[in-house]
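I have placed the structure first, in the form of structure tokens, so that the comments after it can refer back to it.
The values are calculated or read from the model by the stated rules, or taken from the named source; none is laboratory data. Everything numeric in this text was worked out from a predicted model, so none of it was measured. Neighbour counts run over all protein chains shown; Cβ positions are idealised from the backbone, glycine included. Accessible surface is based on the protein model in full, side chains and every heavy atom, while ligands, DNA and RNA are left aside. Shrake-Rupley method; radii C 1.70, N 1.55, O 1.52, S 1.80 Å.
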Amino acid sequence: MKAMVIGATGSTGELLVDKLLADNNYSNVTIFVRRSTGKQHSKLIEQIIDFSNIETYKDLIVGDVIFSCLGTTLKAAGSKENQLKIDFDIPATFAKLARENNVPAFVLLSAYGASSKSKVFYSQIKGKLEDSIAELNFEKYIIFRPGLLVRKGSDRFGENIMVHVLKMVNAIGLFRKFKPMPTSLLAKKLAKAPRVLPNGTSIIELHKIFNFAK
């Protein structure tokens, strides 16, 4: 399979790229980035693009499956407008162009609680993105909705505190449904998903991800 990845420099996306490159089921991996990652591999194709003008690169968005791991925080984005561009506009545009180029499969890294009807801005964006991609009718559409992620070297103070708290309460048998997930494990599950899931829409909720495709 020929894979494409957007969000390839994020905490999960970077690990996903490594998993795909190591997987013999993938013949090549194309990543779309703002600047060179410096990563070298015989199967890696690095496309440096202007994300404000994605349509220009439509002819490059071809393959068997596209993975979207793109996402940010409101703090990092600086405003709701910027977060909307990153978390919705960019992946939605890639999905549209991929479908126009007959890419059959799309794997979306979404989030727990994603819903277009949510009162929470972040959850609402993720839900609207899920719905927007669903309307494109990919042959295979896979949505992952993880909860808190354990990111190596993360500087997200609030997230780190919540991970620590959840680990403590999990240890005494509470809130195990919300067990924090290492990004390395999530990346492994994402890479396997297009190979093991059937056509149609599959939604992998956070409590199912740990046991998915063991």
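Output the residues belonging to the range 134-149 that are touching a strand residue (DSSP E or B) at 6+ places or on another chain (Cβ under 6 Å) and either polar (S, T, N, Q) or free of Cβ contacts under 8 Å to residues at least 60 places away in the same chain (or both).
138
Helices (runs of 4 or more DSSP H) wholly in the range 63-136 with at least 2 residues that are farther than 14 Å from residue 5 by Cα and at pLDDT below 95 - which ones?
74-77, 80-84, 121-134
Scan the range 4-62 for residues that are farther than 18 Å from residue 95 by Cα, open to solvent by less than 50 Å² (accessible area, probe 1.4 Å) and outside any loop (DSSP other than H, G, I, E, B) and report the count.
6
Being farther than 17 Å from residue 126 by Cα and out of contact with any Asp or Glu (no Cβ under 9 Å at 6 or more places or on another chain): is that true of residue 60 here?
Judged against the criteria, residue 60 is a match.
Could you tell me whether any residue of the range 87-96 is open to solvent by less than 10 Å² (accessible area, probe 1.4 Å), farther than 22 Å from residue 142 by Cα and either in contact with a Gly (Cβ under 7 Å, 6 or more places away or on another chain) or touching a residue at least 24 places away in the same chain (Cβ under 8 Å) (or both)?
No, the conditions are met nowhere in the range 87-96.
Can you pull out the residues in the range 63-86 that are open to solvent by less than 60 Å² (accessible area, probe 1.4 Å), farther than 19 Å from residue 29 by Cβ and of a type in the set (Gly, Ala, Ser)?
Within the range 63-86, 71, 77, 79 meet the criteria.
Yes/no matrix, rows are residues, columns are (1) at pLDDT 95 or above; (2) assigned to a loop (DSSP other than H, G, I, E, B):
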position: 144; (1), (2): yes, no
position: 154; (1), (2): no, yes
position: 164; (1), (2): no, no
position: 169; (1), (2): no, no
position: 186; (1), (2): no, no
position: 191; (1), (2): yes, no
position: 202; (1), (2): yes, no
position: 214; (1), (2): no, yes
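Within the range 182-209, restricting attention to residues that are surrounded by fewer than 16 Cβ atoms within 10 Å (Cβ to Cβ) and more than 16 Å from the chain's Cα centre (by Cα), which residue is farthest from residue 3 (Cα to Cα)?
It comes out as 207.
Could you pull out the residue among 80, 96 that is under 15 Å from residue 132 (Cα atoms), out of contact with any strand residue (DSSP E or B) (no Cβ under 6 Å at 6 or more places or on another chain) and basic (Lys, Arg)?
Residue meeting the stated conditions: 96.
Could you please find all residues in the range 97-113 being surrounded by 18 or more Cβ atoms within 10 Å (Cβ to Cβ) and farther than 16 Å from residue 13 by Cα?
97, 98, 99, 103, 105
Condition (residue is under 14 Å from the mean Cα position of the chain (by Cα) and at pLDDT below 95) applied to the range 31-46: is it met by at least one residue?
no
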